[in-house]
Amino acid sequence: MKLRNVFFASSALVALASGASALDLEFYFPVAVGGAAADTIQSLTEEYMSLNEGVNIEAIYTGSYADTTTKAITAVRGGNAPQLIISLSTDMFTFIDEDMIVAWDDFVTEDEQKDWIGGFYSAFMANSQTEGKTWGIPFQRSTPVLYWNKEAFAAAGLNPDQGPANWAEMVEMGKALTVKDDAGNVTQWGVHIPSSGFPSWLWTGVVAGNAGKLADQSGTKVSFNSDEAVGALEALVALSTTDEVMAPGILDWGGTPKAFFDGQAAMIWTTTGNLTNVRTNAPFDFGVGFLPGLTQNGAPTGGGNFYLIKGSDQAELQGAADFVKWVTAPEQAAKWTIATGYVAPRPDVWETETMKAYTADFPQALVARDQLEFAVPELSTFEGPKVTQTLNSALESAITGQASPRDALDGAQAAAEAILKPYF
Amino acid sequence: MVKREWIYAWALLLPAFVFLITFTHLPAVQTLINSLYTTPKGRRAAMFTGLGNYQQMLSDPVFLKAMVNSGIYALVTILASILLALAMALLVHRSFRGVGLMRMSFFTPTVLPLIAVANIWLFFYAPGFGLIDQIRVFFGLASANYAGQPDTALYAVAAVTIWKEAGFFMIFFLAALQTVPETLREAAAIEGCSRWTFFRRVTLPLIMPTTLFVSVNAVINAFRLVDHVFVMTKGGPDNASMLLLYYIFETGFRYWDTAYAGALTMVLIAILAAVGIGQFFLADKRVHYR
Amino acid sequence: MMQDTALDRILMRSGGALLALLWFVPLAYAIWAAFHPAAFEARFDLTAPLTLGNFSAAWQQAPFARYFLNTFLLVAMILAAQLVLCTLAAFAFARLSFPGKSILFALILLQLLVMPDILLVENYKTMRALGLVDSILAIGLPYFASGFAIFLLRQTFMTIPKELDEAARIEGCSLLGVLWRVYVPLGKPAMLAFGLVSVSHHWNNFLWPLIITNSVETRPLTVGLSIFATTDSGTSWAVINAATLMTAAPLLLGFLLFQRQFVQSFMRAGIK
């Protein structure tokens, strides 16, 4: 047994020594939008290696976002950290709390601080920076939008080229679009806002559209039960109770595009990450618009950031940082956006010829960019998953009619404050 | 005095125990120790808290909900899967045309990965375009959202477990049924006793040890099979389908509160040990004195 | 036979057929979705065109051939180790008396109850110390000693008449000789039964392999399969189902071909 360990340990050492180049880096990445994204990451990594002699980056596909976080934290605790990972932007506080990431500020020059870090949309930087430092670099970022079925609009006597401009219009149109059969059962719902798993994400958009804000940038304060938030939840619940334009109960996230394609719902709320999917699979013309707001425009951002992981020497981390600078540069970022449907995180990406050609052919892709002006950060706090889960449970209990919106949110606020107490 | 037999026995056990201790017992003891401390964070070291994590459970509504749910889930899945498994075994233990297909159909759920079949079941339950809803609409019933309503979510998840397990347990019963001597059956036929009487008086006592073995497995699985919860409900809506192991998972690998997760694990092990080991020794006695 | 009327038989058989049909629906659906274009995922139209496109899409998105090989090596290695280690241990528990027997047996039973997934972080540290991160061996090591196998084999060995091994000893067999000549042959059905359980479990295991592997050369099928179950872009059931069928096919075929042997081995496995 023991001898064998020595054997394996030494053969691992030999492998390391023989394969050693100037810089060996490991990079964990999740895939949340289908297999093509993994190939794009691999080919970008290979391109970078061919341009930079002596740098060897091993891009390791690590499952979903949650799996990636699990794997990264396990590796860090096991003393085998990668240099670079992509994970949820909302994990920033968790990673800071684990003391497992380093800020980017030490790896950029003053010019880069201004031109590179300063060049990202501020909506995306909102949950990439705290304590005066930059911890995350936006990469696979998204935001939810509204998709509508033009055929269904025409059939209901609505203008197929005009989506709802605000919440009231969405309800109005939803009523016209809700179709019942002779027995009184609904065959087509007006609108479908998924609520399984993480209802807080889309609901953040409803709150932003009602001029509300759920958390501050310190990650220690939340306001779940403000009047704006309660109003936003009441409006959401009303869709299936008083307005009767949405199916009751928790609606599955993954099944949302399917419900749209099959004509079960005439309007859906879902991520821009679905653009390519909808474009390929919808058997009808569709429109894309901003999330309709109660009093103003508003939408959350979502998706993943690059993080630098503690535990490697300065040169390795610098190497990882240089790779990120290259891969977020306009040409590379444009390739990534087109392959996946994620929102390009910098204005200069949209100026490239590649992106211009793409958006000329597919103008729906521009909606997400234009909506960024009204975007708010996704809910992110210390003990983030726990606080968010508290909110999700409260939202679910209100959506399924177990509690009134105000009671549910009062409860979530109290629970969240208790969780965040040690961080004040 | 050390006997030669002892040395042999220990030598035979040594290899297995090296692995067991390295990869199960030591880590488990470490988990137990961790459960007496607070979770270390990068910025705050672990502090000894004694039974603090265990006290926290008593005022944790999600934990209490998970306990109740796990109880219901265990009761439903154990009873249903064992009864169905027995029924299936009785159906297919004699040969007739198509019996192979029937066995195959009962058994396939066992070899399909639970994560993948969970997606299929999610489609069955989906409101509107889901299979069950399509059937409901065909019969003029209103649409239903089984996985998305608090009063049905737990049972929607339990149904998948039953479907997955019954065929596996069937195999054990099938094996047991083949041991019922044909002569007894013939004798019973001559005496003119009914099928039900024969089953109750002869078959059931003969397969009792198998039933115990199967129920041990069913109990353990009732607490261990949660893969599909990840895909189907994530414990929701509002914790309606929250099960103890899923909660442990969420606490340990989503909230990274490893100490509290460790304490929850100890509770789970205690429950399983109480139920499981009790049954083991009961089953063991039967085998001994047969 | 017993006084079955024809009606009885028809009722039972048709009830059984109905149950079997019900049990088959999920697999049937997987087959339906895998062989039709995505547009027919939820529309059951008998005239829908057939396609193999979902399979080729799945095949292209991940190096499945390599994953098949890894998975095959993994389950074979685990099963071989389990059979050797657990046969030795089960034999000791079934036939020898020694101090500490019940405590050691209780420790074995404990392993049935501890969830290996909970021990991820600790086990990862061990693998790191052994220098085994990202190897097929590391995926398998924690499962080499199986409490379930030891328990099952012990039960089987206990049903073997003592006279047999006394006879073997008189002929001059050593202890290991007795194990090899008498117990292993008679325990074969139980081993086969356990083998089925072990193979199907490790074929489908997901979380630990994901954590401990980093490269295509070591990853098993399930980790490759997870690439399709994406969250952001909605679920493509057609491709997921094609990938699922592909990964489960060897097990399904295996059972189809050997189902009689499996059932008979369970029958003779001493789990009565």
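The values are calculated or read from the model by the stated rules, or taken from the named source; none is laboratory data. Quick caveat: nothing in here was measured; it's all calculated off a predicted structure. Quick reminder, even Gly has a Cβ in these numbers, built from the backbone with ideal geometry, and neighbours come from all protein chains shown.
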(request) Among the candidates C:L141, C:L153, single out the residue that is over 22 Å from C:S102 (Cα atoms) and assigned to a helix (DSSP H, G or I). (result) C:L141
(request) Would you be able to tell me the number of residues in region B:203-230 that are of a type in the set (A, V, I, L, M), surrounded by fewer than 21 Cβ atoms within 10 Å (Cβ to Cβ) and over 13 Å from the mean Cα position of the chain (by Cα)? (result) 4
(message) Within region A:27-57, take every residue that is modelled with pLDDT of 90 or more and of a type in the set (D, E) and give me the one that is farthest from C:A58 (Cα to Cα).
(response) A:E47
(request) Can you tell me which residue within region C:92-145, out of those that are touching a Ser or Thr at 6+ places or on another chain (Cβ under 9 Å) and of a type in the set (F, W, Y), is nearest to B:V219 (Cα to Cα)? (result) C:Y143
(request) Determine which single condition B:A159 fails, assuming it passes every other condition in (1) within 13 Å of chain A (Cβ to nearest Cβ); (2) under 22 Å from C:A20 (Cβ atoms). (result) (1)
(request) Mind counting the residues in region A:350-405 that are away from every other protein chain (no Cβ under 14 Å), in a helix (DSSP H, G or I) and either under 19 Å from the mean Cα position of the chain (by Cα) or basic (K, R) (or both)? (result) 11
(message) Quick check on my filter: what residues within region C:95-119 are more than 8 Å from chain B (Cβ to nearest Cβ) and buried (at least 18 other Cβ atoms within 10 Å of the Cβ)?
(response) C:R95, C:F105
(request) Scan region B:259-269 for residues that are facing another protein chain (nearest Cβ under 7 Å) and surrounded by fewer than 22 Cβ atoms within 10 Å (Cβ to Cβ) and jot them down. (result) B:I269
(message) One residue is enough: does region A:206-227 have a residue meeting the conditions touching a residue at least 24 places away in the same chain (Cβ under 8 Å), within 14 Å of chain B (Cβ to nearest Cβ), in a helix (DSSP H, G or I) and surrounded by fewer than 24 Cβ atoms within 10 Å (Cβ to Cβ)?
(response) no
(request) Within region A:139-159, track down each residue that is part of a strand (DSSP E or B) and either touching a Lys or Arg at 6+ places or on another chain (Cβ under 8 Å) or among the basic types (K, R) (or both). (result) A:R141
(request) Within region A:70-102, track down each residue that is in contact with a strand residue (DSSP E or B) (Cβ under 8 Å, 6 or more places away or on another chain) and more than 14 Å from chain B (Cβ to nearest Cβ). (result) A:P82, A:Q83, A:L84, A:I85, A:I86, A:S89
(message) Among (1) facing another protein chain (nearest Cβ under 10 Å); (2) under 21 Å from B:G236 (Cα atoms); (3) crowded, with 16+ Cβ neighbours inside 10 Å, there is one condition B:Y73 misses while meeting the rest; what is its number?
(response) (1)
(message) Just to check your reading of the model, which residue among B:A89, B:A74, B:A118, B:A156 is in contact with a Leu (Cβ under 7 Å, 6 or more places away or on another chain) and touching a residue at least 60 places away in the same chain (Cβ under 8 Å)?
(response) B:A89
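Okay, residues lined up against (1) farther than 26 Å from B:Y8 by Cβ; (2) modelled with pLDDT of 80 or more; (3) touching a Pro at 6+ places or on another chain (Cβ under 7 Å); (4) among the hydroxyl-bearing types (S, T, Y):
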residue: C:A129; (1), (2), (3), (4): yes, yes, no, no
residue: C:E171; (1), (2), (3), (4): no, yes, no, no
residue: C:S174; (1), (2), (3), (4): no, yes, no, yes
residue: C:G177; (1), (2), (3), (4): no, yes, no, no
residue: C:M191; (1), (2), (3), (4): no, yes, no, no
(request) Scan A:A266, A:A259 and give me the residue that is buried (at least 23 other Cβ atoms within 10 Å of the Cβ), more than 20 Å from B:A147 (Cβ to Cβ) and within 14 Å of chain B (Cβ to nearest Cβ). (result) A:A266
